[in-house]
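Everything below concerns the one structure shown next.
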């Protein structure tokens, strides 16, 4: 039975996962290699919970209780008593594998491990651990406190028991699970990211401006936000990483990352998190950069 959850990586996804787990009644330890990142994560969680209280989604008592269940730590030394560890580091296979190898030395033999990867092979990540049967993919959507879906991905060795336990947890978190097979980018990103990449090609080829493309998809396809705004929200480095996984994993030219997307990432214009992407966020209102 899962009572205590360890979350590795205190970035945008990790702090969201810690938030929903603490709110659902689980003891949560949030780990990162950077103390400042942990401080920032706690501030984000607090701000998001205050907003939930103000909107009547949770009570003040829920907020206080969740806060009391959440602790932070630098490194993985205190993970010995977690029942489930969720890896939520940057979308880079080398980084994830190094974390998972290290993690196995700190957790108990019964501990389940999940990865929040949005595109990388769960089977391949499981292979570096000492427990592929107790390992699976648990892909939360961004922003975690708001989005209802969690993609559940079995690796080739994932046991039925592990899958069942993690599925039950997903439902207890108030999320809806969707089962995906272990193919590059799973379901959501297999469909979503090529659409974003195509929007960048549309910009690159001069078919429309940033504003025209986003307006067209919002009003013409009834999307809540345009694809270029969405790309900035996700992070252009993450968009590029997923496209590269698709391109390399499926060997189909339709997944070739747009050169303009590559150029923005090379420039360090990664979207909202860096203040510039397809829009410039440094002023009062976002201004298109092309």
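The values are calculated or read from the model by the stated rules, or taken from the named source; none is laboratory data. All of these numbers come straight from a predicted model, not from anything done at the bench. Neighbour counts run over all protein chains shown; Cβ positions are idealised from the backbone, glycine included.
Looking only at region 106-116, decide whether some residue is touching a strand residue (DSSP E or B) at 6+ places or on another chain (Cβ under 7 Å), closer than 19 Å to residue 249 by Cβ and surrounded by 24 or more Cβ atoms within 10 Å (Cβ to Cβ). Yes - at least one qualifying residue is present in region 106-116. Going through (1) in a strand (DSSP E or B); (2) buried (at least 17 other Cβ atoms within 10 Å of the Cβ) one by one, residue 71 falls short only on (2). Taking the criterion of being in a loop (DSSP other than H, G, I, E, B) and touching a strand residue (DSSP E or B) at 6+ places or on another chain (Cβ under 9 Å), the residues of region 271-284 that qualify are 277, 278, 281, 282.
Inside region 1-19, residues that are in contact with a strand residue (DSSP E or B) (Cβ under 9 Å, 6 or more places away or on another chain) and surrounded by fewer than 24 Cβ atoms within 10 Å (Cβ to Cβ) make up a count of 4.
Conditions (1) in contact with a strand residue (DSSP E or B) (Cβ under 7 Å, 6 or more places away or on another chain); (2) in contact (Cβ under 8 Å) with a residue 12 or more places away in the chain; (3) closer than 30 Å to residue 53 by Cα; (4) crowded, with 23+ Cβ neighbours inside 10 Å, marked per residue:
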position: 88; (1), (2), (3), (4): yes, yes, yes, yes
position: 143; (1), (2), (3), (4): no, yes, yes, no
position: 179; (1), (2), (3), (4): yes, yes, no, no
position: 183; (1), (2), (3), (4): no, yes, no, no
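For residue 157, are the conditions met, namely being at positive phi and out of contact with any strand residue (DSSP E or B) (no Cβ under 6 Å at 6 or more places or on another chain)? Judged against the criteria, residue 157 is not a match.
Of all the listed residues (290, 218, 256, 282), the sole one being at pLDDT below 95 and more than 19 Å from the chain's Cα centre (by Cα) is 290. Filtering region 1-46 to residues that are under 14 Å from residue 84 (Cα atoms), assigned to a strand (DSSP E or B), within 17 Å of the chain's Cα centre (by Cα) and free of Cβ contacts under 8 Å to residues at least 60 places away in the same chain leaves 30, 31. Can you report the number of residues in region 65-82 which are under 14 Å from residue 22 (Cα atoms) and touching a strand residue (DSSP E or B) at 6+ places or on another chain (Cβ under 9 Å)? Total meeting the criteria: 6. A search for C-beta distances below 6 Å between a residue of region 125-136 that is in contact (Cβ under 8 Å) with a residue 40 or more places away in the chain and any residue that is outside any strand (DSSP E or B) and surrounded by fewer than 20 Cβ atoms within 10 Å (Cβ to Cβ), counting only pairs 6+ apart in sequence or on different chains, returns nothing. Name the single residue, out of those in region 39-58 being in contact with a helix residue (DSSP H, G or I) (Cβ under 7 Å, 6 or more places away or on another chain) and over 21 Å from residue 116 (Cβ atoms), that is surrounded by the most Cβ atoms within 10 Å (Cβ to Cβ). So the residue we want is 58.
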